[in-house]
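First up is the structure itself, then whatever we jot down about it.
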Amino acid sequence: MGTSSPIQRLDGSSRNLNSSMTFKDIELGTSIKTANSLDSSSSECSQSSTFSWLSLKAATNGKILYACSMYSFCSVSMVLVNKSLASSYNHLIEGDLNVLLVVFQAIVAVVSVEFCKRMKWVEDYSSFDLSIAKQWAPLNIFFCMMLFTSMASLQYNSVPMVTIFKNVTNIATTAGDWYFFGSTTETLVVVAFGIMLTGAVAAAWNDIELSWIGLFWMALNCLSTSGYVLYMKFATKTVKLSKFGMVFYNNILCVLFLLPVAYYLGQVEVFALTPAIHTQDYFTKNMFAGFVGFGLNFASLNCVSVTGPT
């Protein structure tokens, strides 16, 4: 009486077996879901990191493109306006005013950056500090030489000739970057330099005019420009200044260095005693050159910081 029938035992075994199989199926299903969830999470993380990398790359390339475009615009504008100032008024002046013109432009740049600082349009920087000025002085010597030789070379060379030598300056800067900082240059960059130099020579072929005095000032301009850019790479890492602070010190030291030189050369007196150049046109060109110089200062510093000397 106490024993169960075979059918009951079979049903019991079947229920036990079904229960066991169901439990295993649940475990297996859970494992598969977990694995799928991990694969999905891994895929999402991979997609997220790829998207982040692409966003960072796009932002970096955007900064580089903006910095190079701004520098190119300011550089071309400065060449054209300085060519006009250095050559268009020679018949009205006894001698030249190259040093004094650089001083005028530096004064406009100082006023511009100080005005932007007062209006809180730019990041703040400390007022004039003699210790910082001493650290910044070597770079400023290159800066003053670059501006003065640029003005002098434009007086004795045509714009196409200056364009050719600008490309030579880029090549010299690349060589200096390799020699002093151990930077390597990709083959495509070297090819690009060759194409730019060849194109500049071809474009200027019918306008090439050579003179010893023009070559002298152009060679000095190439050396001082390369020296300025290369030393800037070192100075921006060792002197703790914001970019606009660097613009301020560049131009305030330029005024302090070159104004006595302009006075010694008699250019201040020539300017004061030549009413023919006391015109709105001359004043406007100098103001524009000063604003462009302010932009060029910032653009060159920004371009070197996000790309490199070349």
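Here are some notes:
- Any hit, the stretch 166-179, residues being farther than 22 Å from residue 255 by Cα, touching a Cys at 6+ places or on another chain (Cβ under 7 Å) and not small (Gly, Ala, Ser): yes
- Flag set for residue 88, criterion: free of Cβ contacts under 8 Å to residues at least 60 places away in the same chain, open to solvent by 50 Å² or more (accessible area, probe 1.4 Å), more than 20 Å from the chain's Cα centre (by Cα) and farther than 21 Å from residue 241 by Cβ.
- Across the stretch 272-303, the qualifying residues are those that are touching a residue at least 24 places away in the same chain (Cβ under 8 Å) and farther than 21 Å from residue 111 by Cα, and the one among them that is least open to solvent (accessible area, probe 1.4 Å) is 277.
- Contact annotation: residue pairs with Cβ atoms under 8 Å, 6 or more positions apart or on different chains, pairing a residue in the stretch 92-121 that is in contact (Cβ under 8 Å) with a residue 40 or more places away in the chain and open to solvent by 20 Å² or more (accessible area, probe 1.4 Å) with a partner that is in a loop (DSSP other than H, G, I, E, B) and of a type in the set (Phe, Trp, Tyr), are 117/125.
- Of the listed requirements (1) open to solvent by 50 Å² or more (accessible area, probe 1.4 Å); (2) under 20 Å from residue 75 (Cα atoms), residue 172 misses just one: (1).
- The condition (being more than 23 Å from residue 288 (Cβ to Cβ) and modelled with pLDDT under 85) is satisfied by just one residue among 164, 132, 141: 164.
- Top-ranked residue in the stretch 254-271 [being touching a residue at least 24 places away in the same chain (Cβ under 8 Å) and among the aliphatic types (A, V, I, L, M); ranked as farthest from residue 68 (Cα to Cα)]: 270
- Residue match in the stretch 125-142 (condition: part of a helix (DSSP H, G or I), open to solvent by less than 50 Å² (accessible area, probe 1.4 Å), within 23 Å of residue 301 (Cα to Cα) and without any contact (Cβ under 8 Å) to a residue 40 or more places away in the chain): no
For every residue, the table says whether it meets (1) within 30 Å of residue 205 (Cβ to Cβ); (2) hydrophobic (A, V, I, L, M, F, W, C); (3) in contact with a helix residue (DSSP H, G or I) (Cβ under 7 Å, 6 or more places away or on another chain).
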{"residue": "61", "(1), (2), (3)": "no, no, no"}
{"residue": "68", "(1), (2), (3)": "yes, yes, yes"}
{"residue": "78", "(1), (2), (3)": "yes, yes, yes"}
{"residue": "98", "(1), (2), (3)": "yes, no, yes"}
{"residue": "106", "(1), (2), (3)": "no, yes, yes"}
{"residue": "131", "(1), (2), (3)": "no, no, no"}
{"residue": "136", "(1), (2), (3)": "no, yes, yes"}
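- Matching option when the condition is touching a residue at least 60 places away in the same chain (Cβ under 8 Å) and either touching a Phe, Trp or Tyr at 6+ places or on another chain (Cβ under 9 Å) or in a helix (DSSP H, G or I) (or both), among 152, 175: 152
- Only a single item in (1) surrounded by fewer than 20 Cβ atoms within 10 Å (Cβ to Cβ); (2) of a type outside the set (Lys, Arg); (3) modelled with pLDDT under 90; (4) under 27 Å from residue 116 (Cβ atoms) is not met by residue 255, and it is number (3).
- For the stretch 192-246, taking the residues that are assigned to a helix (DSSP H, G or I), surrounded by fewer than 15 Cβ atoms within 10 Å (Cβ to Cβ) and of a type in the set (S, T, N, Q), the one that is nearest to the chain's Cα centre (by Cα) is identified as 238.
The values are calculated or read from the model by the stated rules, or taken from the named source; none is laboratory data. As the structure is a prediction and not an experimental result, all values here were calculated from the model. We place every Cβ from the backbone using ideal geometry, glycine too, and count neighbours over all the protein chains shown. Surface areas here come from the heavy atoms of the whole protein model, side chains and all, with no ligands, DNA or RNA. Shrake-Rupley method; radii C 1.70, N 1.55, O 1.52, S 1.80 Å.
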